[in-house]
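Beneath this line is the structure, given in structure tokens, with notes to follow.
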Amino acid sequence: MSLMVLKFGGTSVGSKERLFHAAAIAKKNWQQGHQVVVVVSAQGDTTDELLEKAAEIGRDLPPREMDMLLATGEQISIALLAMALHQLGCPAVSLTGWQAGVRTDSQHTVARVRFVENARLKEEMEKGKIVVVAGFQGLDEQKDITTIGRGGSDTTAVALAAALGAEKCIIYTDVDGVYTADPRMVEGARKLDDITYDEMLELASMGAQVLHNRSVEMAKRHGVPLEVRSSFTDAPGTVVKEETMERRTVSGIARDLDVAVISLTGTADVPGIAYQIFDRLAKEKISVDMIVQSAGENGCKHICFTVEKRQGERALSIIREQKDVEYASLSMDPEVSKISIVGAGMAGSSGVASDMFQALYEAGINIMFIATSEIKVSVIIRSQDAQRAMQALHDKFFGEKDSMAR
């Protein structure tokens, strides 16, 4: 008997009708003879509403108590979905993340899954039940409730699939697969039949919101086959796996709006300055992405780097507090976006970056930063140019006339 893990996002369980539709999908898999574990997110805007309630209390609230609050959203979803399954004649049981054996570290609000104790899950499935599990949450070594960050239900689903040796983990969402670009932004965006783990991880990390990047990383590590498909249609989705049938030069284009540029001008051109800055930021849990440093001239150099917008002011404060780092000016620019092209075939192809830069030049878009890896090229541009840049790049790489995607 094979085992399937099905994950439903907040929009897929956001109403009575959608709850029963999700229940019907789970029932269909169960009737086909599969053991079924269902992972669900909080309904609709529940998490945002809980955050608003917390904001009414004050600022700088204890992370542990935030986890206690936010974990309640998924508990509503699992109870309602289990009830819907019972109404459809299916034996079902709802379990919180900790009841399902999800064990995490103690980094409240951004905890990482350490392992899954799967005994309770197996026990309930052996009774013939569909097990409905709350995503996004777990339990740490102190037996405190933790949450694992936005998009964490994807990670929960993959963790359970790995722990149970599932045949497949299907992520049901409000889109019918992974597209070459966000179809809400880019005319002509195409759905992909398949994509590699590495490509999906890069797209997720670069701003594509179909899958949480940590879930893709975990799926690759444990060899869990993923499929992204719509909960509203029966159409096949996009399969995420180790290798695809055809090695595309460019598989997708992603946009990340959650970016701010920190600039230091006139720092001393001596060894250790970069270390002093970035070591302190790392110790303060500030995640730095792209870094550009100018060549030294007249004893000075300039350093620019990107962080998440919410961490921008904190990063400025940390640098200002460093008395041993001198500079002429320090500033932050939040009106920027990161645009990335991703493709496994880029590693063996020349001219991809040049084509990207040509498309942006022809669209009249200035590039502020450039960063590359084996399967990715990213640029920082003004936010006001982001949508135009996405369309120009998509036309370049996926247009009928001049496509490098195939």
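Filtered by the rule that a residue be farther than 21 Å from D385 by Cα and touching a Pro at 6+ places or on another chain (Cβ under 6 Å), the stretch 161-197 gives a lone residue, K168.
The residues in the stretch 29-43 that are open to solvent by 40 Å² or more (accessible area, probe 1.4 Å) and part of a helix (DSSP H, G or I) can be counted, and the count is 2. Where strands (runs of 3 or more DSSP E) sit wholly within the stretch 211-306, those with at least 2 residues that are open to solvent by 60 Å² or more (accessible area, probe 1.4 Å) occupy 288-293. Restricting attention to the stretch 73-91, the residues being surrounded by fewer than 17 Cβ atoms within 10 Å (Cβ to Cβ) and either outside any helix (DSSP H, G or I) or among the β-branched types (V, I, T) (or both) number 4. Take I365 and tell me if it is surrounded by 13 or more Cβ atoms within 10 Å (Cβ to Cβ) and touching a Ser or Thr at 6+ places or on another chain (Cβ under 9 Å). Answer is no for this residue. Can you name the residue in the stretch 60-72 that is touching a helix residue (DSSP H, G or I) at 6+ places or on another chain (Cβ under 9 Å), part of a helix (DSSP H, G or I) and not polar (S, T, N, Q) and, of all such residues, is least open to solvent (accessible area, probe 1.4 Å)? So, considering only residues that are touching a helix residue (DSSP H, G or I) at 6+ places or on another chain (Cβ under 9 Å), part of a helix (DSSP H, G or I) and not polar (S, T, N, Q), the one least open to solvent (accessible area, probe 1.4 Å) is L70. Looking at V342 and the list (1) in contact with a helix residue (DSSP H, G or I) (Cβ under 9 Å, 6 or more places away or on another chain); (2) surrounded by fewer than 19 Cβ atoms within 10 Å (Cβ to Cβ); (3) hydrophobic (A, V, I, L, M, F, W, C), which single condition is not satisfied? V342 satisfies every listed condition except (2). Screening the stretch 93-122 for residues that are hydroxyl-bearing (S, T, Y) and assigned to a strand (DSSP E or B) and picking the one that is surrounded by the fewest Cβ atoms within 10 Å (Cβ to Cβ) gives S94. Exactly one residue out of A347, A389 is touching a strand residue (DSSP E or B) at 6+ places or on another chain (Cβ under 6 Å) and of a type in the set (G, A, S), and it is A389. Among residues of the stretch 1-18 that are within 20 Å of E167 (Cα to Cα), those with a Cβ under 8 angstrom from a residue that is among the polar types (S, T, N, Q) and open to solvent by 40 Å² or more (accessible area, probe 1.4 Å), sequence gap 6+ or separate chain, pair up as M1/Q35; S2/Q35; L3/Q35; M4/Q35.
Which one of D355, D395, D324, D385 is crowded, with 16+ Cβ neighbours inside 10 Å and more than 27 Å from D198 (Cα to Cα)? Only one candidate qualifies: D385.
Against the conditions (1) out of contact with any strand residue (DSSP E or B) (no Cβ under 7 Å at 6 or more places or on another chain); (2) within 28 Å of G97 (Cα to Cα); (3) open to solvent by 40 Å² or more (accessible area, probe 1.4 Å); (4) in contact (Cβ under 8 Å) with a residue 12 or more places away in the chain, S205 satisfies every one except (4).
Taken over the stretch 66-107, residues that are more than 13 Å from F136 (Cβ to Cβ) and either touching a Ser or Thr at 6+ places or on another chain (Cβ under 6 Å) or among the charged types (D, E, K, R) (or both) amount to 4. Does the stretch 314-344 hold any residues that are assigned to a helix (DSSP H, G or I) and within 28 Å of V377 (Cβ to Cβ), and which are they? Scanning the stretch 314-344 gives A315, A344. Tell me, which residue of the stretch 1-28 that is among the hydroxyl-bearing types (S, T, Y) and outside any helix (DSSP H, G or I) is nearest to E126 (Cα to Cα)? Of everything passing the filter in the stretch 1-28, S2 is nearest to E126 (Cα to Cα).
Quick grid of which residues meet (1) in a helix (DSSP H, G or I); (2) within 20 Å of G223 (Cα to Cα):
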position	(1), (2)
V132	no, no
G149	no, no
T155	yes, yes
V158	yes, yes
A161	yes, yes
A166	no, yes
C169	no, yes
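Conditions tested, residue by residue: (1) touching a Pro at 6+ places or on another chain (Cβ under 8 Å); (2) within 17 Å of V259 (Cα to Cα).
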| residue | (1), (2) |
| --- | --- |
| G312 | yes, yes |
| S337 | no, yes |
| Y361 | no, no |
| I375 | no, no |
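The values are calculated or read from the model by the stated rules, or taken from the named source; none is laboratory data. Since this is a predicted model, take the numbers as computed values, not measurements. Ideal geometry is used to build each Cβ from the backbone, glycine not excepted, and the neighbour counts take in all protein chains shown. Keep in mind that these areas ignore ligands, DNA and RNA; they rest on the heavy atoms of the full protein, side chains included. Shrake-Rupley method; radii C 1.70, N 1.55, O 1.52, S 1.80 Å.
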